[in-house]
Structures are given as structure tokens and as C-alpha cells.
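Coordinate-derived values only; no laboratory data. Fair warning: this is a prediction, and the values are worked out from it, not measured in the lab. Here the Cβ positions follow ideal geometry from the backbone for every residue, glycine too, while neighbour counts run over all protein chains shown.
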Amino acid sequence: MSAAPGTRHAPLAVAVLGAGRIGRKHAETLAHRVESCRVPWIVEPLEDVGRACAADFGAKWTSDPAEAIADPAVDAVLIATPTNTHADLIELAASYGKPILCEKPIDLTMERTLAAISAAEKAGVPLQIGFQRRYDPSYVRARKMIEDGAVGKVELVTATSRDPQPAPLAYLAVSGGIFRDCSIHDFDLVRYLTGHEVVEVFAYGAALVDPAIGEIGDADTVVASLRFDNGALGVVTSSRRAVYGYDVSTEVFGSGGKVVVGEAPETLVRRYGKDGVTHDNIYWFLQRFEASYVVEVEDFVACLREGRAPRVTGEDGRAALAIADAATQSFKEGRPIAVAKRPLPAGAGR
Ligand SMILES: NC(=O)c1ccc[n+]([C@@H]2O[C@H](COP(=O)([O-])OP(=O)(O)OC[C@H]3O[C@@H](n4cnc5c(N)ncnc54)[C@H](O)[C@@H]3O)[C@@H](O)[C@H]2O)c1
């Protein structure tokens, strides 16, 4: 790193790669919400988008990731580019010894995911993955309750994620499909909440919202049935369209009861009328997980300052992708698929 990070005189300099929906949010967090941090570079191939974002957060703009990553003034890198570019950028950042916070998923393929994790490990740089729900106060509280025995032996897990509307087709085409792009948050959550690994998946998918999504080989409405290593069962359902807004809820049920993380109202206002009772609903993921995105970035910065490992690791990214891969294969082949285990390091087990 260029200077003692975290001191008053040396704000941590984090280059942000990608100035789209989530990159702009992270740039804003780094520039304005995290103490003693700055954004020296915005890397973005679309010049007008990149320059506008850079101007907003006091950064320089470049379209060349290497220019920003190689800059000795850059302490760390936040990757918020389309998923099919993540592994290359992780490897590039690792080759310059720069710590990395990378958005989910790590890559579209397991092969490139493993290579990217290995590049970070070999270079000895921290690699944190953007599963921001692990920083949501409700999910943190739910996990603590489950750890403390609130549900007894875990037997059944249900997790639902629905976006208000599909992302643009250009985004979906390089997203890896709904299981890798959307359901992956729930695949990560069920591991995080239960402490158990998913061993098998049977998934269905359909294009019920937009036939064009079916034409690119993807689905917009999916169900994945899960079997866990302790014998528990689970269901993850995802949809690209919920007319009432963003809808995320999770339930962990067991021998001693259940813990539920429900949907979040936008305000505490309710309207009571002759047709019933209504309340405002949060419309967008950036609202629902607003606080989590900030704490996630704060924790990444804290890891670097304290010299500790990230809480959400490359292995978490690999494990969630393995479930998403199994679900995608199951949806395409119509049969249950075993979830790939973490490969043993070369030479192990001999
Ligand atoms: N954790 C979350 O809740 C969450 C939410 C949304 C998106 N994501 C992830 O973040 C990533 C980006 O998603 P998004 O919704 O912001 O997409 P987006 O399409 O809105 O933005 C991506 C931006 O990256 C730019 N870009 C493309 N190639 C680049 C490169 N090589 N270098 C630098 N910039 C490049 C694009 O021009 C675009 O502006 C995806 O991997 C997605 O899965 C995570």
C-alpha cells in the first residue's frame, strides 16, 4: 500500500471499476460515507458515464483498468463491472498486489472463479465478495439467533428474492443467468444462516415475464429445491418481476421453532380504508440494502487497516456459485444435480 492506510494523513485510496448501478453506489460510499477514504480513479469504458461519476466523487477517469490498478497511489480496488469481466480484473489487481472487493458472482464459470481465487491467494491479497446481505442488521440478528439455538435443529429453509422489474437484456445476457445473478444471494444466505452446505439441487425455470429472456436461454421465474449436508431441505424462489416492488424474505424452520426475516416497509405509515390496510413497500434493492452496502465497504476498509481477513471470502463466492451452477444445470437437464465440492489443493490427500 502507498502509505500507512487509515491514518489521518493517508486516506485509503480505492479505485472503483465500473460506474453502473452498483459501482456508483460504492463510489459514493467510499467518497462520502467511509471515514478517511477516497476514490482516486473511476474506471469505465463509457466516457460520459465515467467522467460524470469521477466528477461527482473527486476522482480521475480512465477506461483502462491497468492504468488505475498500477497507480502506486491506489491502495485497493473495488470491482463493480459486468460479471464476465470480474475474474480478469481480480487477476490484474492481484498481479499488482492490490486488495480486492469484488461484486458477486466472482465469474460465470467455476474454472475462472477458482483461477481468480488462486491468483489472489498466491499474491497474498485479501479478496472480499459482495454478498452485502450478510451485513444487513436483520440477517445478522437472524444468524445470531439461529446460532444460539432459536430454531433447534434446522429442518427447512425458504428464501425468496423478487426484483420489481427485469434488468435490461444487455445486462441479463452477460449475467450468467438468474441462478448465478439473482438466486446466488439466497444460495449464500442459506449457507450463512444455517452454517450448513447444500449438497444437491433440483431446479425448475420458466420465462413467464418476458419471452425474450427465454430466448437468451435464461429464465425469469425459478424454483430451486435444496438438500443440505445435515439432511435439511430448502427452497429458493426468484422472479425478475414483482409489481409491488422489491421482495426479499427468508425463513429458517426447525425442531425448536422458526426465524423469519420479512419484507421491509419503506416507511412506518399505514393507510386504513374500507378496502383494507396498505403500507408503502420498498421498490429497489439499493433502498432495501442501503445500510448493508455501506457497512460492507466499511468492513472491507477495516480489514485492510487492521490487517485481518475479509468476513466474506473467495470460498464463500465459490460455494454460492457451485449451488448456482448446479441449479442452472438442473433447470437445463431436468434432473437433480450434486453440488461441486471445493477442490482439494494440489498434492492434498496423497
Ligand atoms: N451485490 C448486489 O446487490 C449487486 C447489485 C447489482 C449488481 N451487482 C453485481 O455488480 C456487477 C455490476 O452490476 P451493475 O448492475 O452495476 O451493472 P451495470 O451494467 O449497471 O454497470 C456495469 C458498468 O461497468 C462498465 N464496464 C464494463 N466493462 C468494464 C471494464 N472492463 N472495466 C470497467 N468498467 C466496465 C459498464 O460500462 C457499466 O457502466 C455485476 O457483477 C452484478 O452481478 C451486485
Work out, step by step, the length gained on full extension between TYR272 and ASP229: first 0.36 nm times the residue separation, then minus their alpha carbon distance; give nm to one decimal.
10.9 nm
The rounded separation in angstrom of the Cα centers of region 264-336 and region 140-172 is 8
If I model a spin label at SER255 and TYR96 as a point 7 Å from the Cα along the Cα→Cβ vector, what separation in nanometres do I get?
5.3
Taking the dipole about the Cα centre of region 12-125, with the C-beta of Lys and Arg at +1 and of Asp and Glu at -1, give me whichever of VAL34, THR83, LEU108 is farthest to the positive side.
VAL34
Between 0 and 90 degrees, rounded to the nearest ten: what's the tilt of helix 290-306 against the longest Cα principal axis of the chain?
50
Exposure proxy ranking, count of Cβ atoms within 10 Å, fewest first, for VAL339, VAL297:
VAL339, VAL297
Nearest 10, in degrees from 0 to 90: the angle of helix 86-95 to the longest Cα principal axis of the chain is 40
Cα→Cβ-extended label distance, 7 Å offset, between GLU315 and SER118, nm
1.7
When the Karplus curve 6.51 cos²θ - 1.76 cosθ + 1.60 is applied with θ = phi - 60°, which whole-Hz ³J(HN,Hα) does each residue of region 104-116 get, with x for Gly and Pro?
7, x, 5, 6, 7, 10, 5, 4, 6, 4, 5, 5, 5
Neighbour-count ranking [beta-carbon atoms within 10 angstrom, fewest first] of PHE179, PHE253, PHE300:
PHE253, PHE300, PHE179
Ranked by how many other beta carbons lie within 10 Å on average, peptides 15-23, 236-244 from highest
15-23, 236-244
